[in-house]
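What follows is calculated from the coordinates using simple rules that are stated; it is not laboratory data. Quick caveat, the model's predicted, so the values are computed rather than measured. Positions of Cβ are generated from backbone atoms using ideal geometry, with glycine treated the same way; all protein chains shown enter the neighbour counts.
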Amino acid sequence: MKIEYHGHSCVQLTSGGQSIIIDPFLTDNPSASVDPASIKVQYVLLTHAHADHIQDAITIAKQNDAKLIAIHELATYMSWQGVRVQDMNIGGKLSLGFAEVQMVPAFHSSSIVLHDKQSIIYAGMPAGLLIHWEGLTILHAGDTNLYSDMKLIGQKHHIDLAFLPIGDVYTMGPEDAVDAAEWLNAKRVIPVHYNTFELIRQDGQNFVELLERRGIEGKALKPGESITLESGQSK
């Protein structure tokens, strides 16, 4: 399985001719590695509704005739924009045919801000996404703080790879993210949601070193970089 990091919190998983993109924020992302027009996927998955996670979701879904998966309120909003959707909710599982997605909690906020109208649309609860595919379990934690039920998620699932936010200010920072990695019992961790803007600037390599002190493998990918996973082994 190819794991591509497109910058901020956007990642793409590809294997066997199937591909999923999570939280596509490319057009206004100064560090984005790709143009939205080049993305080829069957599914677009969203953790929550903030602009830095959904900006290119409609474009990518429409150009691929891909199905968009999000929590009920956000999926409903996206359906009004002419996108094929499948809604779900926290705790639920959904089969994609080649993979299974389960929503887990994330502690954050979630809304669509309409600046021109000075109004805010409630978009449901934020979520993390557990993806079970080819015997691998991958967690995209979404935007979240550290919370104790991460221990329960780690007990119930053997997480091969976790994407964890480390930017601070809007999510947990590096120190809490290290605790999260340990509580989740993740085999390896890739930091996300940092360095896109000055306010969330962090040292990804320093975070990796903090992980290694806890016996956890980490990899700070630059936008455009990728790794492969096979039978639970990263290369």
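Points to keep in mind about this one:
- Extension gain from K117 to W80, taking 0.36 nm per residue of separation minus the Cα-Cα distance: 11.5 nm
- Under the shape rule built on the C-alpha gyration tensor, where the axes satisfy a ≥ b ≥ c, the stretch 70-227 is oblate, since a/c reaches at least 1.5 while a/b does not exceed b/c.
- Dipole in debye (nearest 20) - the stretch 83-156, about Cα centre, beta carbon charges: Lys, Arg +1; Asp, Glu -1: 100 debye
- Counted charge near G17, where neighbours are those whose Cβ lies closer than 14 Å (Asp, Glu -1; Lys, Arg +1): +1
- Ellipsoid equivalent to the stretch 19-70 - semi-axes via the Cα gyration tensor, in Å: 15, 13, 8
- Listed residue (M125, L164, V101) projecting farthest to the positive dipole end of the stretch 2-228, Cβ model: V101
- Here the stretch 131-229 is treated with +1 on each Lys and Arg Cβ and -1 on each Asp and Glu Cβ, and its dipole about the Cα centre works out to around 220 debye.
- Farthest towards the positive end of the charge dipole of the chain, among the residues A66, C10, L221, is the Cα of A66, using unit charges on the Cβ of Lys, Arg, Asp and Glu.
- Per-residue ellipticity at 222 nm, computed for the chain from helices alone with -39500 (n - 2.57) per DSSP H run of at least four residues, works out to -5500 deg cm²/dmol.
- Taking trypsin sites (Lys or Arg not before Pro) across the stretch 1-66, the ones in a DSSP loop with at most 16 further Cβ atoms lying within 10 angstrom of their Cβ are K40.
- Charge dipole (Cα centre; +1 on Lys/Arg Cβ, -1 on Asp/Glu Cβ; no other charges) of the chain amounts to roughly 520 debye.
- Loop-located chymotrypsin sites (Phe, Trp or Tyr not before Pro) in the stretch 35-117, at most 15 other Cβ atoms within 10 Å (DSSP): F98
- Whole-number D in µm² s⁻¹ for the stretch 1-95, Kirkwood Cα-pair radius fed into Stokes-Einstein, 4 °C, 1.567 mPa s: 98 µm²/s
- Cα centroid separation - the stretch 74-105 against the stretch 132-158, whole Å: 17 Å
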